[in-house]
Amino acid sequence: TESLNERIEKEDGKIPEKYRDFRKTAVGFACKKDGNKLIGLEETDTCLYCYLPAKNAQWGLRFLMNTDMIPTGPRDDIEVGQDMDINREITKIAGEQFVKWLKDLLIEGYDPASVFDLIPFLTEKSRASAGLTRYKDFIEKFEEGFYSELKNTPIIPSTTGGILEYKKVEDVLYDTT
């Protein structure tokens, strides 16, 4: 917060006044649905939102993500400079919140396979082939938040004695042999 306030006071124009004393952030996700099945969007149809679409900020996700990230002046992208740690921190929080959103969708009764299909598979090779290298450190922050939260959140549906419960990934063995 202090560094944001200092940047606002310098009036470099990149950080709007509304970020003064910034302490809370919001992250939202959306995708299509058909009954109890979720339908991931085509990667080319998605972009990040900072309340308005930042159309150039495409990360290869199959869902829409709305955050408080600081957009560029024309609002068609997010600020990606090394001095934009706030956007990286919000990205990490988004990864954490994504796990919680998936768990909420499971609890609401959506088809588990369709819920888990929303999880992005962004290897280094797929990022490069999709032209996502510009956002490499952001995607890594999203993944960092995702995997960190995944360790703590029981998200895998398991039925024991007819009772549905959720288990942590580390507590589940999935054998397809």
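The values are calculated or read from the model by the stated rules, or taken from the named source; none is laboratory data. This is a predicted model, so every value here is computed, not measured. Here Cβ is always computed from backbone atoms with ideal geometry, including for glycine, and neighbour counts include all displayed protein chains. The area values use the complete protein model at the heavy-atom level, side chains included, leaving out ligands, DNA and RNA. Shrake-Rupley method; radii C 1.70, N 1.55, O 1.52, S 1.80 Å.
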Pairs returned, first residue in segment 88-105 that is under 26 Å from residue 134 (Cα atoms), second residue that is among the aliphatic types (A, V, I, L, M) and in a helix (DSSP H, G or I), beta-carbon separation under 6 angstrom, 6 or more apart or interchain, are 99/150
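In segment 31-46, how many are surrounded by fewer than 18 Cβ atoms within 10 Å (Cβ to Cβ) and either modelled with pLDDT under 90 or among the hydrophobic types (A, V, I, L, M, F, W, C) (or both)?
Residues meeting the conditions: 6.
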**Message:** One residue is enough: does segment 61-68 have a residue meeting the conditions within 30 Å of residue 109 (Cβ to Cβ), open to solvent by less than 10 Å² (accessible area, probe 1.4 Å), of a type in the set (A, V, I, L, M) and within 16 Å of the chain's Cα centre (by Cα)?
**Reply:** yes
Apart from one, (1) part of a loop (DSSP other than H, G, I, E, B); (2) touching a helix residue (DSSP H, G or I) at 6+ places or on another chain (Cβ under 8 Å) all hold for residue 74; the odd one out is (2)
Do we have any residue at all in segment 144-163 that's part of a loop (DSSP other than H, G, I, E, B), among the aliphatic types (A, V, I, L, M) and over 18 Å from residue 44 (Cα atoms)?
-> yes
Within segment 84-121, the residues that are open to solvent by 50 Å² or more (accessible area, probe 1.4 Å) and among the aromatic types (Phe, Trp, Tyr) are 116, 121
Selection over segment 164-177 where residues are under 27 Å from residue 92 (Cβ atoms), of a type outside the set (A, V, I, L, M, F, W, C) and part of a loop (DSSP other than H, G, I, E, B) yields a count of 1
